[in-house]
Amino acid sequence: MKKNFWTKMISLALALVCMLSLVACGGGGGSVAGNYSLHSVTAEGETITWKEFAEAAGISADDIAIGLEIREDGTFKLNMDAMDPTLSGEGTWTQDGSTITLNGTGDSLTATHKGSEITIDENGVSLIFKK
């Protein structure tokens, strides 16, 4: 009886280890597609969250969303109207490893994808978007 109990316990432990290994790997190749909201901005070595920025500007971060929508069909929409409407736009995107290229009308931006974050670096300013 005891031998049977320990055999079952070892089998259960091995099954749990296998399951945890699969979860830790994450299956790889997850899609970058999804909706991302501006989380923070870094400029000249200083980082400020979108909420802190909004508070300093006297606006509600909850009422004004700045977002990036990456669609499965290879298109994107960048909504920056709350900061600078000229930065908003739509276009197509491509991905090469962790690098994402956003191609708009005549312009392109390069971004980096890591986990649930997309970072756009432009002219010394980094915009960090989170899913």
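The values are calculated or read from the model by the stated rules, or taken from the named source; none is laboratory data. Everything numeric in this text was worked out from a predicted model, so none of it was measured. Here the Cβ positions follow ideal geometry from the backbone for every residue, glycine too, while neighbour counts run over all protein chains shown. Protein only, heavy atoms only, side chains kept; ligands, DNA and RNA dropped before computing areas. Shrake-Rupley method; radii C 1.70, N 1.55, O 1.52, S 1.80 Å.
The residues neighbouring THR99, those whose beta-carbon lies less than 13 Å from its own, together hold a net charge of -1 under the Lys/Arg +1, Asp/Glu -1 convention. Quick one: Debye curve from the alpha-carbon atoms of segment 49-89 only, equal weights, vacuum; give me log10 I(q)/I(0) at q = 0.21, 0.24, 0.32, 0.35 Å⁻¹ to two decimals. Rounded to two decimals, the profile gives -0.69, -0.80, -1.05, -1.12. By accessible area, using a 1.4 Å probe on protein heavy atoms only, segment 58-131 has 46% of its surface on carbon and sulfur. The Kirkwood radius of segment 87-131, taken over pairs of alpha-carbon atoms, gives through the Stokes-Einstein law at 10 °C and 1.306 mPa s a diffusion coefficient of 145 µm² s⁻¹. Amide H to amide H distances under 5 Å link SER116 with no residue, where only residues 5 or more positions off or on other chains count and H is placed in the peptide plane. Surface exposure of segment 43-111, expressed per residue as accessible area with a 1.4 Å probe, stands at 64 Å².
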